[in-house]
Amino acid sequence: MNNPSHSTATVYVPRDSAARSVGADEVAQALQHAGGRGDFALDVVRNGSRGMLWLEPLVEVVTPQGRVGYGPVAPEDVDGLLAAGMLDGADHPLRLGIVDELPWLARQNRVTFARVGVTDPLSAEDYEAHGGLAGLRAALELAPADVVAEVTASGLRGRGGAGFPAGIKWKTVLDCADELKFVCCNADEGDSGTFADRMVMEGDPFMLIEGMTIAAHAVGASEGYLYIRSEYPDAVATMRRAIGVAREHGWLGKGILGSALDFDLHVRVGAGAYICGEETSMLESLEGKRGMVRAKPPIPAIEGLFGRPTVVNNVLTLATVPVVMAKGAQAYERLGVERSRGTQVFQLGGNIAHGGIVETAFGITLRELIEEYGGGTHSGRPVRTAQVGGPLGAYLPESMFDLPMDYEAFAAAGAMVGHGGVVVFDDSVDMAAQARFAMEFCAEESCGKCTPCRVGAVRGVEVIDRIVAGTHRDENLALLEDLCDLMTEGSLCAMGGLTPLPVRSALTHFPDDFLGGRRLLEIHPVQATEGTA
Amino acid sequence: MTTSRSDVTVESVVRRVVARHRGERGALLPVLHAVQAELGHVPQEAVPVLAEELNLSRADVHGVVTFYHDFRREPAGRTTVRICRAEACQALGADQLVSYARESGLPLGETAADGSVTVEQVFCLGNCALGPSVEANGRLYGRVGPARLGSILNGTVSS
Ligand SMILES: Cc1cc2nc3c(=O)[nH]c(=O)nc-3n(C[C@H](O)[C@H](O)[C@H](O)COP(=O)(O)O)c2cc1C
Ligand code: SF4
Ligand code: FES
């Protein structure tokens with residue numbers, strides 16, 4: 001180990017912000033410091049995260065057998081690890097084994113996330129060495145309509161929540177005659193419990209650039225925008241640097257990869273408004289306006305950014321396109337079930353022992369995700385519920401955990417897969433408080449354009465408070481039902497339209513919490529308005 | 001427009017920022033971010049200058065500044081600590097952090113009397129598997145219990 005003839009070891013320490021939030025920078029520094037002292041010959045590479053977030057900071061050492069992992073590593077563990085022979089992959093209580101062979105990872109089917117955590121996110125050489133640009137090269141060989149046909153054949157549906165087929169959207173944009181068209185990537189990722197977009201941007205930014213460039217070729221766009229929420233400063237910085245590198249390499253700009261394609265990309269930073277993840281609101285925001293939802297039609301594909309035909313897709317949707325083009329539509333389409341093709345990137349969060357990214361074909365059950373991958377709760381108490389699909393998604397009781405994860409099966413059960421976020425709660429959760437929070441969140445984040453959402457959500461908080469307090473409980477329960485109907489039927493967009501989903505699911509599956517006087521959690525009051533519901 | 005000293009300063013900052021973003025489509029948001037980065041907030045005096053420079057009505061600019069949570073009308077403390085209150089962090093005890101901050105004399109939305117720190121809520125920082133999550137001046141912290149929040153609040157107060 002402490003051997004000057006030892007060749008320089010390569011050590012990976014993630015630069016992903018989740019890893020950094022639990023000390024990855026300090027671990028990297030401690031390693032670099034040991035290297036700087038000349039005691040050990042090592043190079044630290046900052047990779048993305050493998051998505052085994054409970055093991056972060058996860059340090060990997062390159063050995064002839066493969067990359068050996070140690071984790072979670074605290075800065076004060078570093079000296080001991082080095083002394084024990086970590087650079088040779090030696091034994092230590094924190095040693096996890098060959099990372100690629102860890103069952104959690106080995107059981108997954110990583111397609112979109114194949115490179116995330118493996119490569120240095122900002123190394124163009126690493127990117128190409130790991131299959132990067134193959135999709136773009138293949139696409140540039142084809143006529144735009146053929147690229148669209150390939151994406152359609154793959155069955156790829158939008159990963160941002162609604163699940164609209166990507167190819168059909170692209171075809172609409174391609175068929176518009178305009179000179180100026182845009183590709184916009186929705187990187188707002190405002191849903192609680194979702195972080196896959198962030199991990200792609202921080203861990204494999206070139207893949208997203210490549211996907212947007214393929215989209216540009218497919219529809220005839222010359223300009224692209226990446227709308228990233230301001231809560232993600234690391235993703236903003238990484239994407240900006242990656243765009244710079246891509247321009248230097250001729251992957252963006254004029255005559256991309258020697259073809260006739262001209263395309264350039266700009267990063268725009270949001271300003272803390274959940275509704276700006278809704279596509280028309282995002283376009284308003286990109287135009288420099290309040291993020292108010294636009295009525296559809298016209299659809300953005302025909303009249304989008306600045307009134308021009310625009311592709312709006314989620315990060316994961318666009319980031320999956322390169323592999324579809326590189327491996328072929330059929331290879332992708334073969335994965336999945338029914339009309340949910342390919343893989344979904346599930347994000348396990350909340351009160352879960354093993355939280356992180358599980359990419360696997362559609363059709364896996366919630367129970368497999370929570371129990372087998374997630375290992376139950378972080379607190380060690382029994383699981384009571386999981387909210388699937390973000391703050392507008394349903395709370396499911398344990399009795400529904402055998403539902404297969406697919407868009408239609410979830411919709412039929414009154415729930416939604418959404419962006420694939422699964423947030424787990426143990427038995428200490430107060431479901432009336434969660435229902436109240438759903439209304440409070442809607443009141444806080446409503447764009448204000450339509451009354452059912454703007455006023456209804458504020459009323460919803462008040463009515464739930466009265467139910468819990470036991471004031472005219474039956475009348476107020478009936479009133480809540482009416483209010484939920486009104487919001488569902490009368491809201492212009494899914495913000496007001498879907499808020500009743502978490503509320504009703506909590507009420508249906510956990511009625512006792514509304515009736516038994518369980519103590520409400522501390523909740524910051526929303527602004528009250530006059531009158532009564 | 002009045003010509004008090006502070007007006008001149010705000011005005012010159014705004015004009016310089018706008019010049020930097022000239023040529024960007026729909027540049028108001030990036031301009032507002034840049035103004036806030038330089039001045040710590042978006043002062044009322046900036047609004048007419050922005051309107052004039054960007055050929056918008058004052059009402060439009062005002063409407064944008066007030067719509068987005070990020071833009072402040074008033075300066076915040078030297079450090080802003082944001083506690084995630086979204087569902088995944090709630091499942092791990094985020095509300096205890098809110099209570100802890102309040103009991104330390106820093107309720108949500110308030111700035112410490114000495115101007116050192118402002119505590120705010122935020123809905124999701126994308127660290128939902130390692131919550132409760134807190135962000136302080138752009139730096140993300142995971143697995144934050146009350147004790148760790150205390151040192152974040154204190155650490156930032158002393159720096
Ligand atoms: C309230 C609301 C919030 C949304 N937030 C996001 C978001 O953060 N990211 C996202 O990609 N899509 C979000 N969507 C969905 C978008 O409107 C749109 O369907 C999506 O960006 C289209 O891309 P896709 O087809 O690739 O999914 C949201 C929708 C609503 C109604
Ligand atoms: S439902 Fe809510 S967020 Fe959507 S348009 Fe209406 S007010 Fe705006
Ligand atoms: S819910 Fe707190 S970081 Fe996502």
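General remarks:
- If the condition is being in contact with a helix residue (DSSP H, G or I) (Cβ under 7 Å, 6 or more places away or on another chain) and polar (S, T, N, Q), then segment B:72-89 contributes only B:79.
- Residue count, segment B:85-105 (criterion: surrounded by fewer than 24 Cβ atoms within 10 Å (Cβ to Cβ), in contact (Cβ under 8 Å) with a residue 40 or more places away in the chain and either within 8 Å of ligand 3 (Cβ to nearest atom) or not small (Gly, Ala, Ser) (or both)): 2
- Criterion: away from ligand 3 (no atom under 16 Å from the Cβ) and modelled with pLDDT under 95 - qualifying residue of A:409, A:435, A:443, A:394: A:409
- Check on residue B:129, within 9 Å of another protein chain (Cβ to nearest Cβ), within 28 Å of residue A:387 (Cβ to Cβ) and either out of contact with any Cys (no Cβ under 9 Å at 6 or more places or on another chain) or surrounded by fewer than 17 Cβ atoms within 10 Å (Cβ to Cβ) (or both): yes
- Tally of residues being more than 20 Å from residue A:493 (Cα to Cα), of a type outside the set (Val, Ile, Thr) and within 16 Å of ligand 1 (Cβ to nearest atom) across segment A:421-448: 1
- The sole residue among A:189, A:202 that is charged (D, E, K, R) and away from ligand 1 (no atom under 15 Å from the Cβ) is A:202.
- Residues being surrounded by fewer than 24 Cβ atoms within 10 Å (Cβ to Cβ) and either within 24 Å of residue A:417 (Cα to Cα) or away from chain B (no Cβ under 14 Å) (or both) - total across segment A:168-189: 9
- Residue pairs meeting the criteria (Cβ under 6 Å; at least 6 apart or on separate chains; first within 14 Å of chain B (Cβ to nearest Cβ) and within 13 Å of residue A:224 (Cα to Cα), in segment A:247-266; second of a type outside the set (Gly, Ala, Ser) and in a loop (DSSP other than H, G, I, E, B)): A:264/A:252; A:265/A:252
- Hits in segment B:63-84 - residues which are facing chain A (nearest Cβ under 10 Å), farther than 25 Å from residue A:436 by Cα and surrounded by 18 or more Cβ atoms within 10 Å (Cβ to Cβ): B:64, B:65, B:71
- Filtered residues of segment A:391-417 (kept if assigned to a loop (DSSP other than H, G, I, E, B) and among the aromatic types (Phe, Trp, Tyr)): A:401
- Within segment B:14-53, restricting attention to residues that are more than 14 Å from chain A (Cβ to nearest Cβ) and not in a helix (DSSP H, G or I), the residue that is least open to solvent (accessible area, probe 1.4 Å) is B:43.
- Meets criteria (within 16 Å of ligand 1 (Cβ to nearest atom), of a type in the set (A, V, I, L, M, F, W, C) and part of a loop (DSSP other than H, G, I, E, B)) for residue A:271: yes
- With respect to the conditions (1) within 16 Å of ligand 1 (Cβ to nearest atom); (2) within 14 Å of chain B (Cβ to nearest Cβ); (3) surrounded by fewer than 21 Cβ atoms within 10 Å (Cβ to Cβ), residue A:305 lacks only one, and its number is (3).
- Checking segment A:16-30 against the condition returns no match, with no residue being over 21 Å from the mean Cα position of the chain (by Cα), farther than 23 Å from residue B:141 by Cα, touching a residue at least 40 places away in the same chain (Cβ under 8 Å) and open to solvent by 30 Å² or more (accessible area, probe 1.4 Å).
- Residue A:34 being open to solvent by less than 60 Å² (accessible area, probe 1.4 Å) and either assigned to a loop (DSSP other than H, G, I, E, B) or within 14 Å of chain B (Cβ to nearest Cβ) (or both): no
- In summary, helices (runs of 4 or more DSSP H) completely within segment A:66-139 and bearing 3 or more residues that are more than 27 Å from the chain's Cα centre (by Cα) occur at A:78-84.
- Only strands (runs of 3 or more DSSP E) whose full extent lies in segment A:337-390 are considered here, and none of them has at least 3 residues that are facing chain B (nearest Cβ under 10 Å), away from ligand 1 (no atom under 16 Å from the Cβ) and of a type in the set (S, T, N, Q).
Condition check ((1) in a helix (DSSP H, G or I); (2) within 16 Å of ligand 2 (Cβ to nearest atom); (3) crowded, with 19+ Cβ neighbours inside 10 Å) across all residues:
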residue: A:475; (1), (2), (3): yes, no, no
residue: A:483; (1), (2), (3): yes, yes, yes
residue: A:487; (1), (2), (3): yes, yes, yes
residue: A:501; (1), (2), (3): yes, yes, yes
residue: A:504; (1), (2), (3): yes, no, yes
residue: A:507; (1), (2), (3): yes, no, yes
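The values are calculated or read from the model by the stated rules, or taken from the named source; none is laboratory data. Just so you know, these numbers come straight off a predicted model, no measurement behind them. Backbone-built Cβ (ideal geometry, glycine too); neighbour counts: all protein chains shown. Quick note on the areas: whole protein, heavy atoms, side chains included, nothing else; ligands and nucleic acids left out. Shrake-Rupley method; radii C 1.70, N 1.55, O 1.52, S 1.80 Å.
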